[in-house]
Structures are given as C-alpha cells and as structure tokens.
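Asks: Here you go, one structure.
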Amino acid sequence: MNKRNPLLEISASKNDNGELVGRLPAEVSSENLLRRFSAQNPVKALRARCLDCCCGDASEVRKCVATECPSWPFRMGTNPFRKKPVLTETEKMRRAELLHGVPGKMV
C-alpha cells in the first residue's frame, strides 16, 4: 500500500519497474473507499462517470451520442434493464395500508 494514496500499491510485476498500480477494490478498507467515493450504488457511479465525461453538464449527459460506450444505457442514473413491477389493484391497496395504516383506501 502507498502511504500517500491507500488505493495504490507498488506493482508486483518486474515489468512495471516498481511503478504504482491501482489496488484491487476488494482489498481496500470500506473506510478508505467511502472517504474517496460517495457513490456506493454502481448505477449512480456510472451516472457520476458520465457527468465527469460531460464536464458536469447534465444536459450533455442526456444528449450523449456515444452509444458504443458501455455506460451509455445507465447515463441517466437508472438501470433500463430493470423493469418496474406492474402492481394489481389488490397489491396497491395492501401497500397503501402498510404505508398509511388506513385499510381499503387508495392513496
């Protein structure tokens, strides 16, 4: 581990001539990761990456035409592959009761 940056270490490969390389994230303490990265949700991290790519301009992220980029589907901060469940009226009422404690009333 590097004393200045706990996310780096000296490469074990002789070919790297002692250069610093990124540590495996699984080997970095949660404390050090949280100190450096606010996004703990992978989709939010991808959104942050897209914002970085577009110099912090959210409208440019929305307009992005780099469809070959692996982050492109996630650029809006959601997972488009995860479909929202379709709830029956009975399930909607059950959830409303759980939320508000009022049986039989839709909210």
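Every number in this text was worked out from the coordinates using simple rules, so none of it is lab data. Not measured: the values here are computed from a predicted model. No Cβ is skipped: glycine too gets one built from the backbone with ideal geometry, and neighbour counts run over all protein chains shown.
Asks: Quick one: in the range 25-63, of everything that is over 21 Å from Pro6 (Cα atoms) and aliphatic (A, V, I, L, M), which residue is surrounded by the fewest Cβ atoms within 10 Å (Cβ to Cβ)?
Replies: Ala58
Asks: Kindly list the number of the only condition in (1) in a loop (DSSP other than H, G, I, E, B); (2) surrounded by 13 or more Cβ atoms within 10 Å (Cβ to Cβ); (3) more than 18 Å from the chain's Cα centre (by Cα) that fails for Glu9.
Replies: Glu9 satisfies every listed condition except (1).
Asks: Output the residues belonging to the range 73-84 that are surrounded by fewer than 15 Cβ atoms within 10 Å (Cβ to Cβ) and not charged (D, E, K, R).
Replies: Pro73, Thr78, Asn79, Pro80, Phe81
Asks: Condition first: surrounded by 10 or more Cβ atoms within 10 Å (Cβ to Cβ) and closer than 24 Å to Phe37 by Cα. Now tell me which residues in the range 13-24 satisfy that.
Replies: Glu19, Leu20, Val21, Gly22, Arg23
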